[in-house]
Amino acid sequence: MSLPYSAIVPISGVSQTPAFDTEKQHMLLAMVNPLIPSTVKALEFTGITSFGAYFGQDLPEYKQVQKYFSRLSKTGLAPDKVIVGRWFKEASSAFYKGAKVTTSVQELKSIGAGSFNVTMDGEAFEVSVNLNSITSYSDAATVIQTALRTNSDGGEAYTGASVSYSSITGGFIITSGTSGTGSTVAAVTVGTTGSDYAAPLGLLDAELSQGANAETFSQFCDRIYHANTAGFSITTLETLTEEEMQSAVEWLQTVQNGQTYNTRVRLVFNIHDLTAAESLQKKLTGSTGYVVCYDPKNEYVNVLDCSIAASVDYNATNGAINFNFQPADGYTPVTDLGTVTDYQSGQTNIALWDELAQYCISCVYSVGFGSQEAVYYGKGLMQGSFGTEDVQCNEAWLEQDIQVAVMNAFDSLNKVKLQGQDAVDLISSLISPSFEKGKKNGAIAQNGTLSDTDRLNIVQATGVAAAADAVANNGYYFKIQDLTTEDIAERRVRIVICYLCGGVVNEIRIINNIYGA
């Protein structure tokens with residue numbers, strides 16, 4: 001008699017080879033840099049070296065990204081990545097970004113008369129050049145630009161075209177004279193008149209970028225959100241108007257498929273003027289999921305905030321943090337009022353501290369006694385339902401960790417049942433480890449004291465009388481909802497999650513998650 005197959009191949013609902021990992025909460029930096037092509041949704045850099053190699057070092061973002069990567073948390077951790085997305089603040093022109101030129105200037109001079117073919121805005125054109133008189137790559141760019149602009153039949157794409165040699169990329173960049181989505185380029189091909197210049201100039205393998213329309217900052221946020229990057233803290237070094245920030249926050253409050261955007265990403269604003277920061281907060285009372293950093297010294301405190309979030313290790317015991325008393329080495333505290341006239345006029349450090357806290361504005365501050373002083377970032381306050389930055393960061397991590405666990409199950413299992421107790425058990429086995437991890441890393445508290453209102457809200461959300469005690473004693477409770485006809489048609493499971501936030505007194509979070517396959 002043969003062995004039963006179950007003795008050899010055990011049936012398991014465990015994801016054996018995870019396809020996805022839960023990542024840190026990386027900064028997503030919006031840049032207007034023209035070197036970023038429209039063909040990429042976003043760029044990822046794992047250190048300042050790769051960032052500098054792509055953009056060079058002579059731009060404001062370089063120094064700030066360097067500070068982002070170099071800052072260490074209290075446990076010695078630094079961010080793993082920065083995600084960069086291009087914000088098309090103005091309409092962009094299509095362009096060719098040539099490969100690094102390996103042909104020397106002298107070799108280009110020796111080619112003599114030659115050509116290569118380009119196509120801009122659908123119009124093909126053979127560019128005839130002779131580089132025998134150039135003394136640099138920049139000279140070559142000037143000759144090519146002149147040749148392009150002679151094509152009056154090609155329209156503004158050619159007559160307004162520009163050509164430059166980039167010391168950053170080491171190649172030539174040809175930019176169309178038109179802009180917007182109607183501005184297009186097609187691949188460079190080998191010239192047929194005289195010698196070929198396409199290959200020697202590094203244009204044969206040029207990266208193509210099509211034109212793009214101008215977009216608002218909130219439109220950028222929406223686009224980059226749907227591009228599904230690994231970014232969490234959306235910020236920029238560009239100056240934003242109050243209207244732009246307000247519009248972006250309003251976008252953040254929207255809901256899609258039962259999930260609020262603000263659980264997935266957050267906005268981090270940098271404001272130099274205190275009056276402007278307070279004006280924004282007055283208009284956004286009740287909104288949540290965003291941070292206002294007061295930065296009168298123009299040190300880009302928003303990048304510091306993003307670095308703190310990106311350095312949290314949720315895999316470590318007590319890894320979750322709060323956003324107060326975070327080291328801010330290299331930054332200037334705003335609490336530097338110390339003259340007699342300051343204090344006599346009522347401008348004291350404690351008064352400024354209370355004012356910032358009143359409007360939920362974060363800053364770099366100093367704490368001291370006599371000549372002793374330490375510089376920190378805080379308080380990490382946030383308007384609306386989250387209340388503090390750590391609540392939002394922890395919730396975003398928890399939701400992502402659950403989503404990764406479910407996705408890995410979908411990836412490894414041939415079929416995930418929706419109905420019956422075995423389906424409930426499977427879903428429970430997938431998501432329970434995330435909650436236990438949250439208790440271990442401090443994102444979820446336990447043995448808490450709940451108010452009568454908290455208890456009522458939990459019971460109403462779950463329909464289970466014992467759920468409130470479970471949250472108080474164990475830190476969390478989740479309920480897999482009974483399937484509706486619509487759920488079955490959509491192949492989805494709805495889960496109500498209630499948990500007690502770590503580090504926040506009596507802060508209950510209730511989330512409605514939908515997972516389907």
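Label VAL424 and THR453 with points 7 Å out from Cα along Cα→Cβ: what is the distance between them in nm?
It works out to 3.2 nm between the two label points.
Going by alpha carbons, how many degrees (0 to 90, nearest 10) lie between the helix axis of 452-462 and the longest principal axis of the chain?
Relative to the chain, helix 452-462 is tipped by roughly 70 degrees.
If you average the C-alpha positions of region 424-482 and of region 194-266 separately, how far apart do those two centres end up, in angstrom?
Region 424-482 and region 194-266 have Cα centres separated by 37 Å.
What does the C-alpha gyration tensor say about the overall shape of region 214-300? Classify as rounded when a/c is under 1.5, otherwise prolate if a/b is larger than b/c, or oblate. Walk me through the intermediate numbers first.
On the way: a/c = 1.93, a/b = 1.50, b/c = 1.28.
Verdict is prolate for region 214-300.
Can you work out the FRET efficiency for the pair THR150 and VAL255, with r the C-beta to C-beta distance and R0 = 51 Å, to the nearest 0.05?
The pair THR150/VAL255 has a calculated efficiency of 0.40.
Tell me the angle of helix 137-149 to the major Cα principal axis of the chain, expressed in degrees between 0 and 90 and rounded to the nearest ten.
80 degrees
Between region 370-411 and region 315-341, how far is it from one alpha carbon centroid to the other, in angstrom?
Taking the Cα centre of region 315-341 as reference, the centre of region 370-411 is 17 Å away.
Shape call for the chain from the C-alpha gyration tensor, a ≥ b ≥ c root eigenvalues: rounded (a/c under 1.5), prolate (a/b greater than b/c) or oblate?
Numbers: a/c = 2.42, a/b = 1.44, b/c = 1.68.
In terms of gyration-tensor shape, oblate.
What is the extension gain from GLN219 to SER432, computed as 0.36 nm multiplied by their sequence separation minus the C-alpha to C-alpha distance, in nm to one decimal?
Contour length minus Cα-Cα distance gives 73.0 nm.
With r as the distance between the Cβ atoms of SER110 and GLU242 and R0 = 56 Å, compute the FRET efficiency 1/(1 + (r/R0)^6) and round to 0.05. Could the numbers behind the result be given before it?
On the way: r = 59 Å, r/R0 = 1.04.
The formula returns an efficiency of 0.45 here.
For region 186-197, in order, what is each residue's ³J(HN,Hα) by Karplus, 6.51 cos²θ - 1.76 cosθ + 1.60 with θ = phi - 60°, in whole Hz (x at glycine and Pro)?
10, 4, 6, 10, 5, x, 10, 9, x, 6, 7, 10
Under a 1.4 Å probe, what is the accessible area of the chain per residue, stated in Å²?
In whole numbers, the chain has 45 Å² accessible per residue.
Kindly list the residues of region 77-115 that lie in the label zone of THR135, defined by a backbone N under 20 Å from the point 7 Å along the Cα-to-C-beta vector.
Those under the cut-off are 104-112.
With a 1.4 Å probe and every protein chain kept in, tell me what percent of the accessible surface of region 234-301 is carbon plus sulfur.
On the way: 1210 of 2670 Å².
Percent of accessible area from carbon and sulfur atoms in region 234-301: 45.
Quick check: at a probe of 1.4 Å, how many percent of the accessible area of region 12-144 sits on carbon and sulfur atoms?
51 percent
Please work out the FRET efficiency for the pair ASN512 and LYS283, using the Cβ-Cβ distance as r and a Förster radius of 35 Å; give the result to the nearest 0.05.
It comes to 0.75.
If you take the square roots of the eigenvalues of the alpha-carbon gyration tensor of region 253-375 and sort them as a ≥ b ≥ c, do you get rounded (a/c under 1.5), prolate (a/b over b/c) or oblate?
It is oblate, given that a/c is not under 1.5 and a/b is not larger than b/c.
To test your reading of the geometry: what angle, between 0 and 90 degrees and rounded to tens, separates the Cα axis of helix 217-226 from the longest principal axis of the chain?
The answer is roughly 70 degrees.
Cβ neighbours within 10 Å, averaged per peptide: list 198-209, 43-54, 137-148 in order, most packed at the top. Write down the numbers at each step before the final one.
On the way: 198-209: 20.3, 43-54: 16.2, 137-148: 18.8.
The packing order, highest mean first, is 198-209, 137-148, 43-54.
Return the subset of LYS283/LYS437; LYS41/LYS89; LYS89/LYS283; LYS379/LYS440; LYS74/LYS440; LYS297/LYS440 for which the Cα-Cα distance in this structure is over 27 Å, preserving the input order.
Distance filter (> 27 Å) returns LYS283/LYS437; LYS297/LYS440.
The values are calculated or read from the model by the stated rules, or taken from the named source; none is laboratory data. Predicted model, so just to flag it, every value in this text is computed and none were measured. FYI the Cβ positions are ideal-geometry reconstructions off the backbone, even for glycines, and counts take in every protein chain you see. To get the accessible areas, we keep the full protein, side chains included, count just its heavy atoms, and leave off ligands, DNA and RNA. Shrake-Rupley method; radii C 1.70, N 1.55, O 1.52, S 1.80 Å.
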